[in-house]
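Take a look at the structure below.
The values are calculated or read from the model by the stated rules, or taken from the named source; none is laboratory data. Here the structure is a predicted model, which means the values were calculated and not measured. Cβ placement follows ideal geometry from the backbone for every residue including glycine, while neighbour counts extend to all protein chains displayed. Heavy atoms of the whole protein, side chains included, go into the accessibility calculation; ligands, DNA and RNA do not. Shrake-Rupley method; radii C 1.70, N 1.55, O 1.52, S 1.80 Å.
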Amino acid sequence: MGKIDVYPTVAWSAGAGCHGGCGQKLFVEDGKMVKIEGDENHPFNQGRSCPRVLALTQYMYHEDRITQPMKRVGERGSGKFEPISWDDAFDYCETEMSKIKDQYGPESIVFAQGTGRDIGGPISFLAYSFGSPNWVQLGLSGQSCYTPRLGAMKAVQGDFGVSDCSQFLEDRYDDPEWEVPEVIIVWGQHPPNGCPDAFFGHWIVDCMKRGTKIISMDPRNTWMTGRAEHHLKLRPGTDGAMALGMLNVILGEGLEDKKFCDKWVHGMDELRERAAEYPVERVAQITGVPAEEIAEAARFFANAKRGSIHWGVPIDMCPDGTSVAHGIICLWAITGNIDIPGGQVIARPSHEVSSYPYSTEALVDLYGEELVKTLTEKRIGADAYKMVKNFRGWAQPDMVIDQIMTGEPYPIKGAWIQTANVLGGQAARANFHYEALKKLEFVAVVDLFHNPTTMALADIVLPSSTFPEKDSFRSWWAPLSIIKKRVQVGDCKTDWEINFELAKRFNPEGTQRWGSPMDYFNERLAPSGKTFEDMEEAGGWLMPEDGPAKPYRRHERGLLRQDGEPGFNTRSGKIEVYCTAYEDWDLDPLPFYTEPPQSPISTPELHKKYPLIMITGARSQLYFHSELRGIPWLREKEPDPYVEVHPETAKEYDVYDGEWIYLKNDLGKVKRKVMITERVKPTEIQTLHGWWMPEQEGAEPNLFGVWDYQINQLVPGPQESQSGFGGGQYKTTLVTLEKFEQGAAANG
Amino acid sequence: MAKYGMLIDYDFCTGCHSCEVACQQEHNYPVGKNGIRVTEHEYDTGEKIKIDFMPFLTDLCDLCMPRVAEGEKPACVKHCQSACMEFGLTKDLAKTLGDKSKVVLYTVQPG
Ligand code: SF4
Ligand code: SF4
Ligand code: SF4
């Protein structure tokens, strides 16, 4: 036995799967990671760790892990792949991709990502170096994962904002500058289930221990709702009405922070008028929450000296998610909670470091004029939606898959898929995605394991790395961190290494100043005044110093605007509850409510046929989307895809606890195991997404059982919001429950 | 009296499973074997539905004595995401019980 060395690093998928960024200590013996433990000196998690990261050795050294590039040798879907060298793999990708580029233009290859890993940097680097503007979260209807909320925050208040749980301060809860929030509205999330978006879920629990009261906005009962001061069990998808109802109470009763609003908020009169259209009685009718409960929660929030709102993906997934987010932003804004200790703090990338450039000048410098022109002219969805055109560089996912199917207005012939099990994961109308993607001439998938997507589509699979195997960095809020490679598994390469090599081949001029990804990292890190090596010497992470990236009250101190004046980073310098950016984008400048496309109210006939509202997409502590079902320590704790069914509903449908049944609607049927529980209301059911069975046959037609278990087969599309961002009926699809025998009889 | 014990403020246990996987990793226990098990309890108080969790130490728990000897916390205690577990001398932990609600004290005779 060799000596065991212990190295610190920072987590960012793959393996744990999350967007956290906790400190971890890797125990390495003879070049192999034998154990992982949380880093007690890291301010993000203070040693604490989720079960997924603690099971990382089982993931890294799993017998199914792909450790060499694999080229398809049989028919697509046959599951027959042969190992090839990296040189051959790169040559093959270059040749095939160049063929498509020469014949149809670079925009004819889409670059599809899911979530997880430090993916944004490397995939945009490759897409743009290749010359394609079509970088997309393929399958995710409405790009409904944080992007709608981010876009709304940028438009309304000029900056992003998060609940202040002291995460920007090195001494955390002990820092005298920080104050305990009196109240946090937890809106559409169960934070203990994971670490979304640079936020350690249990920070909310830390605050609760210190006295913070919770208002839960959640259709379900959870650990947290049972401990909440107010629990508003709204009908799924009605969040927009709820926000307006609360605004109505606050403004109607004069509970807003008048001093703050006078000075810093633009459009109070217009907002007041709009909110007046949503009296609590009306909102009670829409949401199913009694009027008095809504009013009390609104008063409780408005009367608190400091409070914040921690929100989740259900907001994006409301029809018109960007407007729902707008309404919620108004709540924290008019109560004067912005950028105060224990409030809603402005969140900027640490040290103003970004993973990838986005200014036009930087893009021209790196990728040339032509790419920038293509980004506006050829990017799918940029024409249809002004918000899509003006906020971030994404192509619009619902439109991309339609275009792949129709070839209009121009053909799509190839896909580079990285960190995305499209077919087993996020794809609404999953079968349609399958049919459309099957038509492509060339598909490369970068992943760590085979999954339904690699099996059904890949011509080549390139093996990527877990975080202990890679060098990278992150500046997502705080602290600025480096991820340091400590071990190597097989021939795996990191996403950065893979994309860097290919990008160099496609864009030798633009990329010539970098010899390796490390050169590029150092350039990105430059605003911090540190190199990767400096960061390593400093212990791997740095909290932001006083300046634009560190709270508090930056709007008063002139730290948010380019011109150095006090104010917010918007046109008016104020928080625009009347949003001029939305106005520019032909969107309603005030928050409004849209009823979900399928619901007891909008489709009463369909509701008769399919009387249960299905909520999907919640997080398990043990899995990350469609990942990790093959990890023994995790799978044993949640072996089956269950569906939560209220006891009354179970009685009505005559199903017992543990019974396998189908969930069904006009789009198909999917297997689930009944869990009888009062976590849900009788009118709703809840089930996790991302299920496929790695232990089953992978080759077609079985594809790891994906068509038996992929719940998003039942979710229709396209359903993006008016802004192009938001929507997708992941939380509000109508279904029914069918017993196995009953189905057999019907089929026979 | 067992020298060492574990105090768990179970009101804050979120059922996150970290203690379970931490224990399995620490002892290299296969599936099915664990020093700690977390169970869920769902009930109606008349006002609300509560979902509570209760970690239970099994006979396989050795209180991580080898770690403790090295000055480390037990693996579960260290990684608990709610920081609701405390390891220490039973007599010290017992003294604090009177001031707390919803805690359990497990005593284990280390082998
Ligand atoms: S989910 Fe949280 S604890 Fe787990 S790896 Fe991510 S940041 Fe770390
Ligand atoms: S103290 Fe150690 S042995 Fe006991 S449950 Fe915790 S991790 Fe397992
Ligand atoms: S780690 Fe802590 S919070 Fe998580 S299940 Fe165990 S005792 Fe509960």
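Where residues in the range B:10-32 are away from ligand 2 (no atom under 13 Å from the Cβ) and small (Gly, Ala, Ser), which of them is nearest to the chain's Cα centre (by Cα)? First the steps, then the outcome.
Going residue by residue through the range B:10-32, those that are away from ligand 2 (no atom under 13 Å from the Cβ) are B:10-16, B:30-32.
Among the residues that remain, those that are also small (Gly, Ala, Ser) are: B:15, B:32.
Numbers: B:Gly15: 11, B:Gly32: 18 Å.
Residue satisfying both the conditions and the ranking: B:Gly15.
If you scan the range B:38-54, which residues turn out to be within 15 Å of ligand 2 (Cβ to nearest atom), open to solvent by 40 Å² or more (accessible area, probe 1.4 Å) and touching a helix residue (DSSP H, G or I) at 6+ places or on another chain (Cβ under 7 Å)?
B:Met54
Consider A:Tyr653 carefully, then state whether it is hydroxyl-bearing (Ser, Thr, Tyr), open to solvent by 30 Å² or more (accessible area, probe 1.4 Å) and under 20 Å from A:Pro600 (Cβ atoms). Spell out the reasoning first.
Numbers: hydroxyl-bearing (Ser, Thr, Tyr): yes; open to solvent by 30 Å² or more (accessible area, probe 1.4 Å): yes; under 20 Å from A:Pro600 (Cβ atoms): yes.
For A:Tyr653, the condition - hydroxyl-bearing (Ser, Thr, Tyr), open to solvent by 30 Å² or more (accessible area, probe 1.4 Å) and under 20 Å from A:Pro600 (Cβ atoms) - is met.
Yes/no per residue for (1) outside any loop (DSSP other than H, G, I, E, B); (2) within 17 Å of A:Arg227 (Cβ to Cβ); (3) in contact (Cβ under 8 Å) with a residue 12 or more places away in the chain:
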site: A:Val156; (1), (2), (3): yes, no, yes
site: A:Cys165; (1), (2), (3): no, yes, yes
site: A:Phe168; (1), (2), (3): no, no, yes
site: A:Tyr173; (1), (2), (3): yes, no, yes
site: A:Trp178; (1), (2), (3): no, no, yes
site: A:Pro181; (1), (2), (3): no, yes, yes
site: A:Ile185; (1), (2), (3): yes, yes, yes
site: A:Phe199; (1), (2), (3): no, no, yes
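Would you tally the residues in the range B:54-84 being within 16 Å of ligand 1 (Cβ to nearest atom) and farther than 20 Å from B:Val103 by Cβ?
Summing the residues that are within 16 Å of ligand 1 (Cβ to nearest atom) and farther than 20 Å from B:Val103 by Cβ in the range B:54-84 gives 1.
Helices (runs of 4 or more DSSP H) wholly in the range A:441-528 with at least 3 residues that are surrounded by 24 or more Cβ atoms within 10 Å (Cβ to Cβ) - which ones?
Values: elements: A:452-457, A:495-506, A:517-525.
Once the helices (runs of 4 or more DSSP H) in the range A:441-528 are filtered for at least 3 residues that are surrounded by 24 or more Cβ atoms within 10 Å (Cβ to Cβ), what remains is A:452-457, A:495-506.
Conditions (1) within 16 Å of ligand 1 (Cβ to nearest atom); (2) touching a Leu at 6+ places or on another chain (Cβ under 8 Å), marked per residue:
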residue	(1), (2)
B:Ala2	no, no
B:Asp9	no, no
B:Cys13	no, no
B:His17	yes, yes
B:Glu26	no, no
B:Val31	no, no
B:Asn34	no, yes
B:Thr39	no, no
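Is it the case that some residue within the range A:562-578 is on the phi > 0 side of the Ramachandran plot and either at pLDDT below 95 or open to solvent by 30 Å² or more (accessible area, probe 1.4 Å) (or both)?
If we filter the range A:562-578 for residues that are on the phi > 0 side of the Ramachandran plot, which is where we start, we get A:564, A:567, A:573.
Retained after the next criterion (residues that are either at pLDDT below 95 or open to solvent by 30 Å² or more (accessible area, probe 1.4 Å) (or both)): A:564.
Yes, there is a match, as at least one residue in the range A:562-578 is on the phi > 0 side of the Ramachandran plot and either at pLDDT below 95 or open to solvent by 30 Å² or more (accessible area, probe 1.4 Å) (or both).
Mind checking which residues of the range B:55-68 are away from chain A (no Cβ under 14 Å) and more than 9 Å from ligand 2 (Cβ to nearest atom)?
Keep residues of the range B:55-68 that are away from chain A (no Cβ under 14 Å), which gives B:56-63, B:65, B:68.
Across the range B:55-68, the qualifying residues are B:Phe56, B:Asp59.
When the range A:707-731 is examined, which residues are found to be among the polar types (S, T, N, Q) and outside any helix (DSSP H, G or I)? Break it down stepwise before answering.
Looking only at the range A:707-731, we keep the residues that are among the polar types (S, T, N, Q), and these are A:710, A:712-713, A:719, A:721-723, A:729.
A:Gln710, A:Gln719, A:Ser721, A:Gln722, A:Ser723, A:Gln729 - these are the residues of the range A:707-731 that are among the polar types (S, T, N, Q) and outside any helix (DSSP H, G or I).
For the range A:656-671: of the residues being in contact (Cβ under 8 Å) with a residue 60 or more places away in the chain and outside any loop (DSSP other than H, G, I, E, B), which is farthest from A:Glu644 (Cα to Cα)?
Selected residue: A:Gly668.
Give the residue that is surrounded by the fewest Cβ atoms within 10 Å (Cβ to Cβ), with candidates limited to residues of the range B:4-29 that are farther than 15 Å from B:Leu57 by Cβ and either more than 12 Å from ligand 3 (Cβ to nearest atom) or among the aliphatic types (A, V, I, L, M) (or both).
Among those residues, the one meeting the criterion is B:Asn28.
Could you list all residues from the range B:67-111 that are more than 11 Å from ligand 3 (Cβ to nearest atom) and among the small types (Gly, Ala, Ser)?
Hits for the range B:67-111 are B:Ala69, B:Gly71, B:Gly88, B:Ala94, B:Gly98, B:Ser101, B:Gly111.
Kindly evaluate B:Lys48 against the criterion of being touching a Gly at 6+ places or on another chain (Cβ under 7 Å) and either away from ligand 3 (no atom under 11 Å from the Cβ) or modelled with pLDDT under 95 (or both).
Working: touching a Gly at 6+ places or on another chain (Cβ under 7 Å): yes; either away from ligand 3 (no atom under 11 Å from the Cβ) or modelled with pLDDT under 95 (or both): yes.
Considered against the rule, which asks whether it is touching a Gly at 6+ places or on another chain (Cβ under 7 Å) and either away from ligand 3 (no atom under 11 Å from the Cβ) or modelled with pLDDT under 95 (or both), B:Lys48 comes out as yes.
Going through A:Gly211, A:Gly226, A:Gly161 one at a time, which residue ends up being within 14 Å of chain B (Cβ to nearest Cβ) and either among the aliphatic types (A, V, I, L, M) or not in a helix (DSSP H, G or I) (or both)?
Values: A:Gly226 fails: either among the aliphatic types (A, V, I, L, M) or not in a helix (DSSP H, G or I) (or both); A:Gly161 fails: within 14 Å of chain B (Cβ to nearest Cβ).
One residue alone meets the criteria, A:Gly211.
Please work out which residue is nearest to B:Val68 (Cα to Cα), limiting yourself to the range B:1-18 and to residues that are hydrophobic (A, V, I, L, M, F, W, C) and more than 9 Å from every other protein chain (Cβ to nearest Cβ).
Narrowing the range B:1-18 to residues hydrophobic (A, V, I, L, M, F, W, C): B:1-2, B:6-8, B:12-13, B:16.
Restricting the remaining residues to those that are more than 9 Å from every other protein chain (Cβ to nearest Cβ) gives B:1-2, B:6-8.
Numbers: B:Met1: 19, B:Ala2: 15, B:Met6: 13, B:Leu7: 16, B:Ile8: 18 Å.
Here the residue is B:Met6.
Filter the helices (runs of 4 or more DSSP H) completely within the range B:30-111 down to those with at least 2 residues that are of a type outside the set (D, E, K, R) and in contact with a Lys or Arg (Cβ under 7 Å, 6 or more places away or on another chain).
On the way: elements: B:65-69, B:75-79, B:90-96.
Because the criterion is at least 2 residues that are of a type outside the set (D, E, K, R) and in contact with a Lys or Arg (Cβ under 7 Å, 6 or more places away or on another chain), the helices (runs of 4 or more DSSP H) in the range B:30-111 that meet it are B:75-79.
How many of the residues making up the range A:49-78 are more than 14 Å from chain B (Cβ to nearest Cβ), among the charged types (D, E, K, R) and open to solvent by less than 40 Å² (accessible area, probe 1.4 Å)?
Within the range A:49-78, residues that are more than 14 Å from chain B (Cβ to nearest Cβ), among the charged types (D, E, K, R) and open to solvent by less than 40 Å² (accessible area, probe 1.4 Å) number 1.
Condition check ((1) free of Cβ contacts under 8 Å to residues at least 12 places away in the same chain; (2) under 30 Å from A:Thr687 (Cβ atoms)) across all residues:
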position: A:Met217; (1), (2): no, yes
position: A:Thr225; (1), (2): yes, yes
position: A:Gly237; (1), (2): no, yes
position: A:Asp269; (1), (2): yes, no
position: A:Val280; (1), (2): no, no
position: A:Phe300; (1), (2): no, no
position: A:Ile309; (1), (2): no, yes
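Please go through the range A:27-48 and pick out each residue that is open to solvent by less than 10 Å² (accessible area, probe 1.4 Å) and within 10 Å of chain B (Cβ to nearest Cβ).
Matches in the range A:27-48: A:Ile36, A:Glu37, A:Gly38, A:Asn45, A:Gly47.
Consider A:Met242 against the criteria (1) part of a helix (DSSP H, G or I); (2) out of contact with any Phe, Trp or Tyr (no Cβ under 9 Å at 6 or more places or on another chain); (3) open to solvent by less than 10 Å² (accessible area, probe 1.4 Å); (4) away from chain B (no Cβ under 14 Å): it satisfies all of them except one. Which criterion is unmet?
(2)
Hey, can you tell me all the residues within the range A:414-440 that are of a type in the set (Gly, Ala, Ser) and either touching a residue at least 60 places away in the same chain (Cβ under 8 Å) or assigned to a loop (DSSP other than H, G, I, E, B) (or both)?
Start the filter on the range A:414-440 by keeping residues that are of a type in the set (Gly, Ala, Ser), which leaves A:414-415, A:420, A:424-425, A:427-428, A:430, A:436.
Selection gives A:Gly414, A:Ala415, A:Ala420, A:Gly424, A:Gly425, A:Ala427, A:Ala428, A:Ala430.
Would you confirm whether or not the range A:350-364 contains a residue that is of a type in the set (Phe, Trp, Tyr) and either open to solvent by 40 Å² or more (accessible area, probe 1.4 Å) or at pLDDT below 95 (or both)?
At the first step, the residues of the range A:350-364 found to be of a type in the set (Phe, Trp, Tyr) are A:356, A:358.
This time we only want the ones that are either open to solvent by 40 Å² or more (accessible area, probe 1.4 Å) or at pLDDT below 95 (or both), so: A:356, A:358.
So far as the range A:350-364 goes, yes, one or more of its residues are of a type in the set (Phe, Trp, Tyr) and either open to solvent by 40 Å² or more (accessible area, probe 1.4 Å) or at pLDDT below 95 (or both).
For the range A:35-140, give me every one of the helices (runs of 4 or more DSSP H) that falls completely inside it and has 1 or more residues that are of a type in the set (Ser, Thr, Tyr). Show your work before the answer.
Details: elements: A:51-54, A:56-60, A:86-104, A:120-130.
In the range A:35-140, A:56-60, A:86-104, A:120-130 are the helices (runs of 4 or more DSSP H) which contain 1 or more residues that are of a type in the set (Ser, Thr, Tyr).
Can you tell me which of A:Ala16, A:Ala89 is open to solvent by less than 10 Å² (accessible area, probe 1.4 Å) and within 12 Å of another protein chain (Cβ to nearest Cβ)? First the steps, then the outcome.
Numbers: A:Ala89 fails: within 12 Å of another protein chain (Cβ to nearest Cβ).
Of the residues listed, the single one that is open to solvent by less than 10 Å² (accessible area, probe 1.4 Å) and within 12 Å of another protein chain (Cβ to nearest Cβ) is A:Ala16.
Hey, any hits in the range B:89-111 for a residue that's within 14 Å of chain A (Cβ to nearest Cβ) and near ligand 2 (Cβ under 9 Å from one of its atoms)?
Applying the first criterion (within 14 Å of chain A (Cβ to nearest Cβ)) to the range B:89-111 yields B:100-103.
The next check asks that each one be near ligand 2 (Cβ under 9 Å from one of its atoms); those that pass are none.
No: the range B:89-111 contains no residue that is within 14 Å of chain A (Cβ to nearest Cβ) and near ligand 2 (Cβ under 9 Å from one of its atoms).
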